[in-house]
Amino acid sequence: MKFKMTREEKNWVLYDVGNSAFVLLVSTIMPIYFNYLAENAGISSVEYLAYWGYAASVATAIVAFIGPVFGTLADTKGLKKPIFITTMLIGGIGCLVLGFARQWLIFLLIYIIAKVGFSGSLIFYDSMLGDITTEERVDNVSSQGYAWGYIGSCVPFVVCLGIVLGAERIGISTEMAMMISFAIVAVWWIGMTIPLLKVYKQKNYVERQPKAVRNSFKRLGITLKNVKKEKKIFLFLLAFFFYIDGVYTIIDMATAYGTALGFDSTGLLLALLVTQLVAFPFAILFGRLSLRYDTEKLIMICIIAYFGIAVFAMFLKEQWQFWILAILVGMFQGGIQALSRSYFTKIIPAEKSGEYFGLMDICGKGASFMGTSVISLISQVTGNVSIGVGAISLFFVLGIIVFKMATTEEQEKMSLLRTSVR
């Protein structure tokens, strides 16, 4: 049976199409351009990878700190949409301003601001999922978001890639080509947000109270206590912390890693374009599979696959191996992200979605902070980036163990319920 989305679901998916252009820019062209700025300043490839990793870590740490508070505040009636708009504009305008940076440190500072805006907007965007669809459709809609985000982001990316690679031929500098590229992505991102803003209505919320900010801190404290009692949610968040670490780190550091290994930059960009193209059908496939198989089993398959990907990444020596890595990542990237988002939506209270997604973001961003920091530190200490990348596989092992504990907890609870009914 063909899956048909409602208007609200389609417009929600469009934001994935918009913001994914920024994700693709950050994971492909941007690290290469930063390497160009860093080389002009006399910075080595190992130092360049470390600084890029530290910048990504600082951005994720900031969002992990402020995300839960703003997420809790956004659960208040009428506040989710304006807070979402604010963070989206910080990201979009930050992306535009990146094009004017010519010094590597200034570039990194603006990048941190833009990424904080981008990451912050995703907290509120993800928490909107419960407002725009039903529990029966949530896995498929979440997967559609990632799928169309992957394929849609290729449109501005191909245009930007043509401008950057053909800069000399069309008579413009690399700096001017990047300025145009950042502007294209910013306009695409903000433009794709408008349809969602026109139709979104916050259906699940808590009523407004005086001293909303102070009360958001109080509600967050209560939620943290409740999470410890809700063993399934707690164990899932812990497992998510470990396995999403590797996923986000691979996304953030793939191009930087390939560049540090000395691979051709054009080949790296084309390989990561293939990742997006492969991710589109596979994200939809995982959404369809969720209608027939347990979401827990599909998530576990994705984690195990990513463990194998991380181990394989350690032994990259030739550029063709990077192409294989790009295809493998594309096969499972959308599935693990989409199913984790929809699975979490189903196990949390709907009226506190912003609050709980803020906590989920702590786990995701905290893990990403740890992952990029681990690669940066180990690369600097050993002088070998492959060893740093290999360490990421350990986080997938921990993710497998804890996620198995979470699903076992749910099975035991269901068994007890059946026994009590009898």
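Couple of notes before you dig in:
- Residue check, VAL274 surrounded by 17 or more Cβ atoms within 10 Å (Cβ to Cβ), among the β-branched types (Val, Ile, Thr) and within 19 Å of THR28 (Cα to Cα): no
- Taking region 35-49 as the range and being surrounded by fewer than 24 Cβ atoms within 10 Å (Cβ to Cβ) and part of a helix (DSSP H, G or I) as the test, the residues that pass are ASN35, TYR36, LEU37, ALA38, GLU39, ASN40, SER45, VAL46, GLU47, TYR48.
- Residues located in region 281-301, provided they are in a loop (DSSP other than H, G, I, E, B) and more than 21 Å from the chain's Cα centre (by Cα): LEU291, ARG292, TYR293, ASP294
- Residue list for region 384-401, filter: modelled with pLDDT of 80 or more, of a type in the set (A, V, I, L, M, F, W, C) and under 21 Å from the mean Cα position of the chain (by Cα): ALA391, ILE392, LEU394, PHE395, PHE396, VAL397, LEU398, ILE400
- Qualifying residue in region 77-87 (condition: surrounded by fewer than 18 Cβ atoms within 10 Å (Cβ to Cβ) and within 20 Å of LEU98 (Cβ to Cβ)): yes
- The single condition among (1) closer than 16 Å to PHE241 by Cβ; (2) at pLDDT 85 or above; (3) of a type in the set (Phe, Trp, Tyr) that PHE357 does not satisfy is (2).
- Hits in region 1-57 (condition: small (Gly, Ala, Ser), within 27 Å of LEU196 (Cα to Cα) and in contact with an Asp or Glu (Cβ under 8 Å, 6 or more places away or on another chain)): SER27
- Top-ranked residue of region 147-173 - restricted to ones that are exposed (fewer than 13 other Cβ atoms within 10 Å of the Cβ) and in a helix (DSSP H, G or I), ranked as nearest to the chain's Cα centre (by Cα): VAL158
- Some residue of region 298-320 being acidic (Asp, Glu) and surrounded by fewer than 15 Cβ atoms within 10 Å (Cβ to Cβ): yes
- Just one of (1) aliphatic (A, V, I, L, M); (2) more than 24 Å from LYS404 (Cβ to Cβ); (3) in contact (Cβ under 8 Å) with a residue 12 or more places away in the chain fails for VAL381. It is (3).
- The condition (being farther than 21 Å from SER27 by Cβ and in contact with a Lys or Arg (Cβ under 8 Å, 6 or more places away or on another chain)) is satisfied by just one residue among ILE299, ILE347: ILE347.
- Residue check for VAL116: among the β-branched types (Val, Ile, Thr), at pLDDT 80 or above and surrounded by 21 or more Cβ atoms within 10 Å (Cβ to Cβ): yes
Quick grid of which residues meet (1) outside any helix (DSSP H, G or I); (2) of a type outside the set (Ser, Thr, Tyr); (3) at pLDDT 90 or above:
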| residue | (1), (2), (3) |
| --- | --- |
| THR60 | no, no, no |
| ILE66 | no, yes, no |
| GLY92 | no, yes, yes |
| LEU105 | no, yes, yes |
| LEU109 | no, yes, yes |
| GLY130 | no, yes, no |
| THR134 | yes, no, no |
| ASN140 | no, yes, no |
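- Residues in region 129-165 that are among the small types (Gly, Ala, Ser) and out of contact with any helix residue (DSSP H, G or I) (no Cβ under 8 Å at 6 or more places or on another chain): GLY162 alone.
- Test: residue in region 4-27 that is of a type in the set (S, T, N, Q), in a helix (DSSP H, G or I), crowded, with 17+ Cβ neighbours inside 10 Å and touching a Pro at 6+ places or on another chain (Cβ under 7 Å): yes
- Pairs are defined by a Cβ separation below 8 Å, a sequence spacing of at least 6 or placement on different chains, a first member in region 232-245 that is farther than 10 Å from CYS363 by Cβ and without any contact (Cβ under 8 Å) to a residue 12 or more places away in the chain, and a second member that is assigned to a helix (DSSP H, G or I) and not β-branched (Val, Ile, Thr); the pairs so defined are PHE234/LYS228.
- Qualifying residue in region 194-203 (condition: at pLDDT 90 or above and under 30 Å from MET331 (Cβ atoms)): yes
The values are calculated or read from the model by the stated rules, or taken from the named source; none is laboratory data. This structure is a prediction, so every number in the text was calculated from the model and none was measured. Here Cβ is always computed from backbone atoms with ideal geometry, including for glycine, and neighbour counts include all displayed protein chains.
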